[in-house]
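Student: Take this structure first; my questions come after.
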Amino acid sequence: MNRPHSSVPISEKEQGEQAMKRRKAGGKAERITAQRTNTLPDYSVYHLSIRQRAACVILGGVLFSFIGYLFYHHLILSLLLGAGGLMIPKFWRRFMLDRRRKTLNLHFKQALYSLSSSLSAGRSVENGFRDAVQDLLLLDPGASSDLIFELKVIVSRLEYGEPIEVALQDFARRAGMEDITNFADVFSTCKRTGGDLVEVVRRTSSVIGEKLDIQQEISVMIAQKRFESKALLAAPFLLLLFMNMTSPDYMEPMYSGAGILISTFALAALGGCFLWISKMMNIKV
């Protein structure tokens, strides 16, 4: 029995509707991926919470006010100097960002060791990243590590069919770290050209490990000097406090006339020494 001629246009119409549905679904998936990318953390910046910022300002203001009163014995000058607490959140943000990036780099090295072992055992790249998550969970059962979160994101993207090169490049872009960027670039190139991924991962983990070892050696070498510098910076304040408590009459000329100018010069010199020492101790590898 011959099929009616109307079946052909109906089939074409259905195919068109299915194609339109696929395009809509694909566009929706792309929008979801873009939204997820926008909500992922950027490791080149660090945002303090309102509570952290308030704590930094209050503690910094109290400390600067105490130093101001110690040097001037003048309430208004102490309060003016206490306004320096407004700068503390900036330094605390920089400190927390540096610590976060160092921790991320250390955990990335550990993840590469795990990935290298999995690939050497013949497992796929996708399973290698899953194994890396489990290995890092053994070191951090609370799963508070940034890298554990990132590896879970990469695994989730792989499950949704996103190429691993795209996921790694996005992570490298947000991390803004040389080691992670180099690994993502080399990994993507090897994936496209069929290079030896096992050797790439092994060499990358070895290079990062050597850099971390050098940083650790430098930190140990300058640890004593860093402690000595902090002691030398604290000595004038402790001496001034001791003299005010034991011989206030002897210190009276310091808080009037030319003594105020000398105190201001000494305080500025101590602040300059602190910034100079901090810059000297910040050694990059």
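Student: Within the set of pairs 6+ apart or on separate chains, which have a first residue in the range 95-107 that is closer than 18 Å to ILE208 by Cβ and without any contact (Cβ under 8 Å) to a residue 60 or more places away in the chain, a second that is of a type in the set (Gly, Ala, Ser) and not in a helix (DSSP H, G or I), and C-beta atoms under 7 Å apart?
Tutor: These pairs meet every condition: HIS107/SER145.
Student: Can you spot a residue in the range 84-102 that is in a helix (DSSP H, G or I), in contact with a Gly (Cβ under 6 Å, 6 or more places away or on another chain) and of a type in the set (D, E, K, R)?
Tutor: No, there is no match, as no residue in the range 84-102 is in a helix (DSSP H, G or I), in contact with a Gly (Cβ under 6 Å, 6 or more places away or on another chain) and of a type in the set (D, E, K, R).
Student: Identify all residues within the range 164-190 that are of a type outside the set (A, V, I, L, M, F, W, C) and touching a residue at least 12 places away in the same chain (Cβ under 8 Å); write none if there are none.
Tutor: GLU165, GLN169, ASP170, ARG174, GLY176, ASP179, ASN182, ASP185, SER188
Student: Further question: Within the range 55-69, how many residues are more than 15 Å from PHE237 (Cβ to Cβ) and either of a type in the set (Phe, Trp, Tyr) or touching a residue at least 24 places away in the same chain (Cβ under 8 Å) (or both)?
Tutor: So the count comes out to 6.
Student: Give the residue that is nearest to ARG203 (Cα to Cα), with candidates limited to residues of the range 118-137 that are in a helix (DSSP H, G or I) and without any contact (Cβ under 8 Å) to a residue 12 or more places away in the chain.
Tutor: ASN127
Student: Suppose we filter GLU228, GLU217 for residues that are out of contact with any Ser or Thr (no Cβ under 8 Å at 6 or more places or on another chain), under 14 Å from MET280 (Cα atoms) and of a type outside the set (Gly, Ala, Ser); which single one remains?
Tutor: GLU228
Student: For the subset of the range 210-242 comprising residues that are loosely packed, with under 15 Cβ neighbours inside 10 Å and of a type in the set (Phe, Trp, Tyr), which member is modelled with the highest pLDDT?
Tutor: Applying the filter and picking the extreme gives PHE242.
Student: Report the residue count in the range 133-158 for those that are under 18 Å from the mean Cα position of the chain (by Cα) and β-branched (Val, Ile, Thr).
Tutor: Count: 2.
Student: Which one is nearest to the chain's Cα centre (by Cα) among residues in the range 273-282 that are farther than 14 Å from ALA231 by Cα and of a type outside the set (A, V, I, L, M)?
Tutor: Going through the qualifying residues, I end up with ASN282.
Student: Quick one: which residue in ARG202, ARG226 is farther than 27 Å from LEU275 by Cβ, of a type in the set (Lys, Arg), touching a residue at least 12 places away in the same chain (Cβ under 8 Å) and out of contact with any Pro (no Cβ under 9 Å at 6 or more places or on another chain)? Write out each step before concluding.
Tutor: Numbers: ARG226 fails: farther than 27 Å from LEU275 by Cβ.
From the options ARG202, ARG226, the qualifying one is ARG202.
Student: Moving on to the next point. Given the conditions (1) loosely packed, with under 13 Cβ neighbours inside 10 Å; (2) in contact (Cβ under 8 Å) with a residue 12 or more places away in the chain; (3) over 22 Å from the mean Cα position of the chain (by Cα), and given that LEU270 satisfies all but one, which numbered condition is not satisfied?
Tutor: (1)
Student: Here are some conditions: (1) out of contact with any helix residue (DSSP H, G or I) (no Cβ under 6 Å at 6 or more places or on another chain); (2) modelled with pLDDT of 85 or more; (3) within 19 Å of GLN110 (Cβ to Cβ); (4) not acidic (Asp, Glu). THR181 meets all but one. Which one does it not meet?
Tutor: That leaves (1) as the condition not met.
Student: Go through the range 72-93 residue by residue and tally those that are under 31 Å from the mean Cα position of the chain (by Cα) and in contact (Cβ under 8 Å) with a residue 40 or more places away in the chain.
Tutor: 3
To keep it simple, each residue is scored yes or no on (1) at positive phi; (2) of a type in the set (Lys, Arg); (3) touching a Lys or Arg at 6+ places or on another chain (Cβ under 7 Å); (4) modelled with pLDDT under 90.
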| position | (1), (2), (3), (4) |
| --- | --- |
| LEU40 | no, no, yes, yes |
| TYR46 | no, no, yes, no |
| ALA55 | no, no, no, no |
| MET87 | no, no, no, no |
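Student: Still on this model: Among the residues of the range 57-70, are any among the polar types (S, T, N, Q) and crowded, with 17+ Cβ neighbours inside 10 Å?
Tutor: Looking through the range 57-70, at least one residue is among the polar types (S, T, N, Q) and crowded, with 17+ Cβ neighbours inside 10 Å.
The values are calculated or read from the model by the stated rules, or taken from the named source; none is laboratory data. The model shown is predicted, which means the values in this text are computed figures rather than measured ones. Cβ atoms come from the backbone with ideal geometry, glycine included; neighbour counts cover every protein chain shown.
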